[in-house]
Amino acid sequence: MSINEIARSAKSASIKLAAVTTAFKNKALDEIARSLKAKSSEIISANEKDLISARKNNLAAPLLKRLKFDQGKIADVIAGIESLIKLNDPVGKTLTATELDKGFTLYKVTCPIGVIGVIFESRPDALVQISTLCLKSGNAVLLKGGSEARHTNKILAELISQAGHNAGLPKGWLGLLESREDVKQMLAMDEYIDLVIPRGSNEFVRYIMDNTNIPVLGHSDGICHVYVDSDADLDMAVNITFDSKCQYVAVCNAAETLLVDEKITKDFLPKVKAALDAKDVEIRGCEKTLSIIDAKPADKEDWSTEYLDNIISVKVVDGPDEAIEHINRYGSGHTDAIITSSRKKAQKFMDLVDSANVFWNCSTRFSDGFRYGLGAEVGISTGKIHARGPVGLEGLVTYKWKLLGTGQIVADYAEEKCRFTHKKLNKNLDF
């Protein structure tokens, strides 16, 4: 099947999906979960082929970790689907209701976006999360994963698509793209595709934006910061810094830069170094950092680098103002945290740091759709229009206006035979 046919089929399916009931969608999600569980050995076998090939091609260790899709990962995505089933359907919600006149009511109601094209990294779990989120929100989806996960993505897409079809979803609701040429063709299909979500580097996202007329929703780098303030509990700060950096280094919400108030450097830096050394994290520090602990010297590029590895840059700053200035200059607008006992400083930090996610006294790793209770995520958006931060179910719907009349015509209002009341109502649209 050509890419044009896949996209056209997805467009046709999206129209039917828009009217599918919540119970029907949940039935399909349950069917998908049961299919993944029943076919777990085949999935793991396909994934092993990808891992063998990746090792031969000397794929970096953090990327290998992303690529691995074992029994534990399968259990995680099944748990995610079960959680998704329990969430409220984002489609068909009445956002506002306005009486324009007697017997004449305007409703603003959520609806699916339509066909969403998602280009994502070599994480097979992302394919499961993205496809099921699109299903729950009533959208058809075209998926393009990293070539390293070719075998795993293929079997997952086939299982999910077939399970959905078996449950009664329209044929073509999920399509898998397999090459860069497929992506290039997809970007030209604004006739069929309503939104593109790219997940990857800044250069990659920029390439997508520059080569399509389709609206694009995404983020570039995940240059996340932890700022340890002079009023921080130092043991808490060490624990949060360690989790932000080390809990899973190869993801976009892992901390890449640690900012430390100069008033606490002598007490804090040796403590945090001991914790990071236990995980063999390489520290690249500014001059003030190097005067207190043994580390490699940082250069200007380190402040704007997403390592996705056991590396962290450390800079000593003169209080919250310099930390905020540094983050807004070098950060990527993803996730930044302040560790402090001062509510006033925390409020200032959270108001002035221009990022999609700003945290107080907790790990940057909480920046995640599943942890937010959104039912996983299709990606993180650092933009400021439509959706921002983890994009879950609510970020995958838009709205339409539904006007219910009883024979009204504009001429009567233009000639002042009738008058608008514009009365706000507290009611849902119910046919």
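I need the shape label for the stretch 140-194. Rule: rounded when a/c is under 1.5, else prolate if a/b > b/c, else oblate, with a, b, c from the alpha carbon gyration tensor. It comes out oblate by the Cα gyration axes. Between 13, 79, 163, the Gaussian network model of the chain with springs among Cα atoms under 10 angstrom shows the greatest mean-square fluctuation at 79. What is the list of residues in the stretch 78-107 whose amide nitrogen lies under 14 Å from a point 7 angstrom out from the Cα of residue 430, following Cα to Cβ? Hits in the stretch 78-107 for residue 430 at 14 Å: 94.
For the stretch 373-410, the set of trypsin sites (Lys or Arg not before Pro) satisfying both a DSSP loop assignment and a count of at most 14 other C-beta atoms within 10 Å is given as 384.
Largest GNM mean-square fluctuation across 313, 83, 131, computed for the chain with C-alpha springs under 10 Å, falls on 83. Neighbour counting of Cβ atoms within 10 Å sorts the residues 288, 73, fewest neighbours leading, into 288, 73. With both partners inside the chain, how many of the DSSP beta bridges are antiparallel, as a percent to the nearest 5? Percent antiparallel among DSSP bridges in the chain is about 35. Taking other C-beta atoms within 10 angstrom as a stand-in for reagent exposure, 108, 39 fall in the order 108, 39, fewest first. Counting charges near residue 109 (Lys, Arg +1; Asp, Glu -1) among other residues having Cβ under 13 Å from its Cβ returns a value of +3. Charged side chains reduced to their Cβ positions (Lys and Arg at +1, Asp and Glu at -1) give the stretch 1-113 a dipole of some 260 debye around its Cα centre.
Cut-off 10 angstrom, C-alpha nodes, Gaussian network model of the chain. Which of 99, 48, 256 fluctuates the most? Per the Cα network of the chain with a 10 Å cutoff, 99 tops the list. Averaging Cα coordinates gives a centre for the stretch 23-59 and one for the stretch 385-425; these two points are 43 Å apart.
For the chain, the relative contact order works out to 20 percent when only alpha carbon pairs closer than 8 Å and six or more residues apart are counted.
Counted as membrane-span-like here are DSSP H helices of the chain whose alpha-carbon atoms extend 30 Å or more along the helix's own axis and whose Kyte-Doolittle mean is 1.0 or above; there are none.
Here the dipole of the stretch 224-366 is about 220 debye; that uses its Cα centre as origin and unit charges on the Cβ of Lys and Arg (positive) and Asp and Glu (negative).
Extension gain, residue 19 to residue 57: 0.36 nm times the residue separation minus the Cα-Cα distance gives 9.1 nm. Per-residue Cβ neighbour counts within 10 Å put 120, 420, 104, 431 in the sequence 431, 420, 104, 120, beginning with the fewest. When the stretch 224-366 is described by a simple charge dipole with +1 on each Lys and Arg Cβ and -1 on each Asp and Glu Cβ, the residue from 236, 252, 298 located farthest towards its positive end is 236. When the C-alpha to C-alpha distance is required to be over 23 Å, the pairs from 245/296; 273/315; 37/86; 73/93; 56/296 that qualify are 73/93; 56/296. From the Cα gyration tensor of the chain, with a ≥ b ≥ c the square roots of its eigenvalues, which class applies: rounded if a/c is under 1.5, or else prolate if a/b is larger than b/c, or else oblate? Cα axes put the chain in the oblate bin. Taking every DSSP helix (H) stretch of at least 4 residues in the chain, weighting each as -39,500 (n - 2.57) and dividing the sum by the residue count yields a mean residue ellipticity at 222 nm of -12500 deg cm²/dmol.
Just to verify a number: FRET efficiency for residue 235 and residue 415, C-beta to C-beta distance, R0 = 56 Å, to 0.05? For residue 235 and residue 415, the calculated efficiency is 0.15.
The magnitude of the dipole of the chain, with charges of +1 and -1 set on the Cβ of Lys/Arg and Asp/Glu and taken from the Cα centre, is near 1400 debye. Under 17 Å from a label point set 7 Å out along the Cα-to-Cβ vector of residue 96, the amide N atoms of the stretch 389-425 belong to 398-404, 420-425. Using the Cβ-Cβ distance between residue 408 and residue 282 with R0 = 56 Å, the FRET efficiency computed as 1/(1 + (r/R0)^6) comes to roughly 0.20. Take 54-62, 152-160 and order them by the average number of nearby Cβ atoms within 10 Å per residue, most first; the result is 152-160, 54-62. Rounded is the label for the stretch 224-366, because a/c, from the alpha-carbon gyration tensor with a ≥ b ≥ c as root eigenvalues, stays below 1.5.
Where a number appears in this text, it was derived from the coordinates with a stated rule and is not lab data. Owing to the predicted nature of the structure, the values given are computational and were not obtained by experimental measurement. Please note: Cβ atoms are built from the backbone with ideal geometry, for glycine as well, and neighbour counts cover all protein chains shown.
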